[in-house]
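One structure is given below, encoded as structure tokens.
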Amino acid sequence: MNDLSLRGVTKRFGATAAVDDVTLDIPGGKFICLLGPSGCGKTTLLRLLAGLEEPTSGQILVGGRDQTHVPTHRRDFGMVFQSLALFPHLSVGENVAYPLAIRGTPRAQRRARAEELLSLVQLSGMADRRIHQLSGGQRQRVAIARGLAIDPKLFLLDEPLSALDANLREHMQIELRQIQTRLGVTTLVVTHDQKEALTMADIVIVMDRGRVQQMGAPMEVYRDPANAFVAGFIGTSNLLPCRLLDPATLEVSGQRLPLAGQDRVKAAPGPAILSVRPEDVRLGPEGLPARVTFIRDLGESVQLVLDHAGQEVTALFSPRERPEVGIGETVALTFAPGGRVVLAP
Amino acid sequence: MKGREATTPGWLGILPGTALVVLFLIPFGIMLAVSVAQRETGGFYQWGFDLSGYQRFLSAFFGGVLLTSVGIAAGTAAIAVALALPFTVILAGLSRRTQTAILVVLLSVLSLSEVIVGFSVSTLLSQTAGVGNILAWLGLTAEARAYTPSLFALMTGLTYLSFPYAVLVLYPPVARLDPELAQAARTMGASPLRTFFSVTMPLLRAPLLGALILVFVFALGSYLLPQVLGRPEHWTLSVHITDQAIYQSNLPFAAAMAAFLLLVALAMVGVALLLAREKGDRA
Amino acid sequence: MTSRLGRAYVALVLILLALPILVVTGVSLNGGQALRFPPQDPSFRWYGELFRAADWLGPLKNSLVIAAVASLISVAVALPLALHAWGRGGWLSRVLYTLGVAPFMLPPVITALGFLVFWVALGMYGQMAATILSHGIFLVTLPLVTISLGLRAIDPALLEAARTMGATRGQVLRTVVLPLVLPYVVSGYAFAFVLSLNEYIIAYMVAGFTVETLPIKIFNSLRYGYTPIMGVVSVLFVLLAVLVYGTIGVFGNLPRLMGADRVEDR
């Protein structure tokens, strides 16, 4: 399989390191999402993999072979660009068959393969269309088909769905995942949309400021964030300053909270940050005092915005469990056992 | 960011580089050499170092010629740019189809040979066809008369020639102006004219200056209209260069004048390019 | 948005621009030898005469041959130069680019005189080849500018995409860059062609007495005897220019070619 390994890969532009000493080992055949805010170095990392940038130091291996200094056109990867980069002077079929034409595949074979790929992305019979005749979603599919044309060792996608509207994007996420599962190609998608990452990925890699913050299965990263950045970036988290007294006791705003066995503690005793997901916030008879500042009825859920000692806390309920409170009322907050993560400050 | 290899191979520069050096730089070098060569009556010239061409150029007569050239070119530039600026601003606000049609007209006029422009304008201003005829027919003048050759005819011709050039030089910066700036001024109560003078003009100061200079150089290069539409006292440096080179067979003197004109033009174009770059940096 | 006054101004200027051409068109329709407007006994007689009269047919052929070949030379020099400047940057590219733009920015008399002394020195003064090469270099600027515009309009991601799909540098140039830039090459050729046809001073200085072109012929007629054929040639030149630029306008984006970035497709 085409396992992917990065050994201390660094890319500097002048004084700033866009990618800073990244070491990763990813098993082949997986669907990986590179997730992070804009400017975190995820696109640069993708371009390093594609050979469009050369690393300042470090090594890139695919299937055990060193690719660090192999020029782009000899890597046999597939790539989908953010702008899609479809050739406007070629037809849909010619676009899809371009990698084959470059490799000297005979015309008839090219044509057959293009048709096969187009049917894979549900564009059968569109080979002779011009690019400008297609809708946004159709162009997306052509770009995906083209990236897969040579059975690439590695399939790289840079924010591939960002130009689509919300509905179509969700649809394409599912479809992309299904195609990948069918073909088993090692796939790396760059995205800043955490929902997209959670929908598609086997493995999520969260990046910030050029470094990998956490790598793991989506729910693992969601449930068990490695640090405050990941907790804040993946989904919504309430981050409260606290003090860890001993491994089983927390102090928040002067109140002691005993921790349960399922709660995760990733900090040494002393100042720490308590991370709780909105769905793990409860209203109880007693707990941390908080004032209701806003109530959002979102249909599928109800969101309460609360103020606890100047800290904003968000709580999420299903409509059936909607608490009987109004704006301005004071309530008591507790956190569901197992939903608490204590992080280093 | 650049990839690891330039997009085009370096040897691509060999052919154009050679062509431009051999067919453009070397001719200029020869011209400069000729400008200090010795004139040989009857033939062309003999190599040497003779500054008489430059000395002769310092006479009162050619001082007058230079003054005339500069005056006529500057006047043309001022008139053409003044007419072109509002034209370009309005043009840039029209629909693409209309813009295209007007650009076709401008390009067509701009490509017209000076010979044809000279011929057309002289016909228009002649006694037997055009304006003179029409005025007489309307009874405004007692009898048809010719308006050419004259300074008026020359300036008309030069403006006709330079106007499309001025518009096309102004077009890119004007078209790049954010139309919402002018719209914002309008919503704040400025009249269209007020908007033009208080928003559009100040934004275009650098390109305007650049356009003035480029049109000036363009008009300075006119060699035919002064002969066709003007009187001998309106002959510009360009005309005298042609005259010396072809009819007086005094190549060294022509080359000396051309070298001088080259200096003036290069300095001017340099300033215009600097202005354009400054504007680009700020954008 | 545009006020009525503004539109009126534009219309007025366009009418003024058309006026001389209108008069010349009228003149070209004169039945007799005299140049009168309005024309007397209107006829198309002189239009046929242009293609029959030997003293006009020669210049017509010369002009067409010179324009066709010179524009080809311009493109042949401009295309690699534009590619070099676009793909590499650096001081050499900038110097070459400036050299390519210079002939057109300077007063043409200077360039013409430079060519004159050059061909005299080479002993090619008065030959058609000299005129062709001179025009070829003089007009490099036009295809250089249009092709450079076209290259800058190419999304760099297209080139990277081609590389990731296995294309070598040469293959990227051949399969992506050249097809995309072809319309700009054609426009550049057309611009150079029209301007070569109309060019007077260089053709005159380099070989004016032996290789007569149409502008030279018209100028000579201005001195030694007017004929309505001058009007005919002028009209044909205007029509050709309108045809060429109109075609570019219909099939391409002329406003963008002239440097407007934000002209919406309507």
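No value in this document is a laboratory result; all are computed from the given coordinates. Keep in mind that this is a model prediction, so the values were computed, not measured. Note that each Cβ is placed from the backbone with ideal geometry, even for glycine, and that neighbours are counted across all protein chains shown.
Once both axes come from the Cα atoms, what is the angle between helix C:4-28 and the longest principal axis of chain C, in degrees from 0 to 90, rounded to 10?
Its long axis makes an angle of about 50 degrees.
What is the average number of partner chain Cβ atoms found within 10 Å of a Cβ in C:242-252?
Mean partner shielding for this stretch: 4.
How much of the DSSP beta bridge set in the protein assembly as shown is antiparallel, as a percent to the nearest 5?
75
Can you tell me what share of the DSSP beta bridges in segment A:4-223 is antiparallel? A percent to the nearest 5 is fine.
Bridges in segment A:4-223 are about 55 percent antiparallel.
Assuming R0 = 25 Å, what is the FRET efficiency of A:ARG103 and C:LEU72, from their Cβ-Cβ distance, to the nearest 0.05?
0.10
Would you mind checking the tilt of helix C:178-198 against the longest principal axis of the Cα atoms of chain C, expressed as 0 to 90 degrees and rounded to 10?
20
First measure r as the distance between the Cβ atoms of C:VAL65 and C:LEU239, then evaluate 1/(1 + (r/R0)^6) with R0 = 25 Å and state the FRET efficiency to the nearest 0.05.
That pair, C:VAL65 with C:LEU239, gives E of 0.80.
Mind running the shape call on segment B:64-282? Use the C-alpha gyration tensor, a ≥ b ≥ c as the square roots of the eigenvalues: rounded below 1.5 for a/c, prolate if a/b tops b/c, oblate otherwise.
Oblate, because a/c is 1.5 or more while a/b does not exceed b/c.
Does segment B:179-283 come out rounded, prolate or oblate by the C-alpha gyration tensor, with a ≥ b ≥ c the root eigenvalues, rounded set by a/c under 1.5 and, if not, prolate when a/b is larger than b/c and oblate if not?
Oblate shape, in that a/c is at least 1.5 and b/c is the bigger or equal ratio.
In debye, nearest 20, what is the charge dipole magnitude of segment A:237-343 about its Cα centre with +1 on Lys and Arg Cβ and -1 on Asp and Glu Cβ, if you could check?
I would put it at about 260 debye.
So what is the relative contact order for chain B, in percent, with contacts set as C-alpha pairs under 8 Å and at least six apart?
27
Say the dipole of segment B:64-282 comes from +1 at the beta carbon of Lys and Arg and -1 at that of Asp and Glu; which of B:LEU274, B:PRO173, B:VAL81 then lies farthest toward its positive end?
Going by the Cα projections, it comes out as B:PRO173.
If packing is taken as the average number of other Cβ atoms within 10 Å across a peptide's residues, how do B:262-271, B:146-155, A:37-46 rank, most packed first?
A:37-46, B:146-155, B:262-271
Where the centre of each part is set by its Cα atoms, how far does segment A:211-247 sit from segment C:206-266, in angstrom?
71
Averaged over peptide A:232-244, how many Cβ atoms belonging to another chain are found within 10 Å of each residue's Cβ?
Averaged over the peptide's residues, the number is 0.
Going down the table (A:LYS11/A:LYS195; A:LYS30/A:LYS195; A:LYS11/A:LYS42; A:LYS11/A:LYS266), which pairs top 23 Å between alpha carbons?
Check vs 23 Å cut-off fails for A:LYS11/A:LYS195; A:LYS11/A:LYS266.
How large is ³J(HN,Hα) for each residue in segment A:303-308, as worked out from phi by the Karplus curve 6.51 cos²θ - 1.76 cosθ + 1.60 (θ = phi - 60°), to whole Hz, x for Gly and Pro?
Couplings: 10, 10, 9, 10, 10, 10 Hz.
Helices from chain B with mean Kyte-Doolittle at least 1.0 and a Cα length along the axis of 18 Å or more, per DSSP H: which?
B:60-92, B:96-111, B:151-176, B:205-220, B:251-282
Among A:SER253, C:SER221, C:SER196, rank each residue by its count of other Cβ atoms within 10 Å, from fewest to most, as a rough exposure measure.
Placing the least packed residue first, the sequence is A:SER253, C:SER221, C:SER196.
Quote the FRET efficiency, to the nearest 0.05, computed for A:ARG182 versus B:ALA267 with a Förster distance R0 of 60 Å and r equal to the Cβ-Cβ distance.
Given R0 = 60 Å and the Cβ-Cβ separation, E is 0.30.
Can you compute the modelled spin-label distance between B:ASP178 and C:ARG174, with each label point 7 Å from Cα toward Cβ, in nm?
Here the modelled spin labels are 4.6 nm apart.
Please say if segment C:57-257 is rounded, prolate or oblate, where rounded means a/c under 1.5 for a ≥ b ≥ c the square roots of the C-alpha gyration tensor eigenvalues, and otherwise the choice is prolate for a/b larger than b/c and oblate otherwise?
prolate
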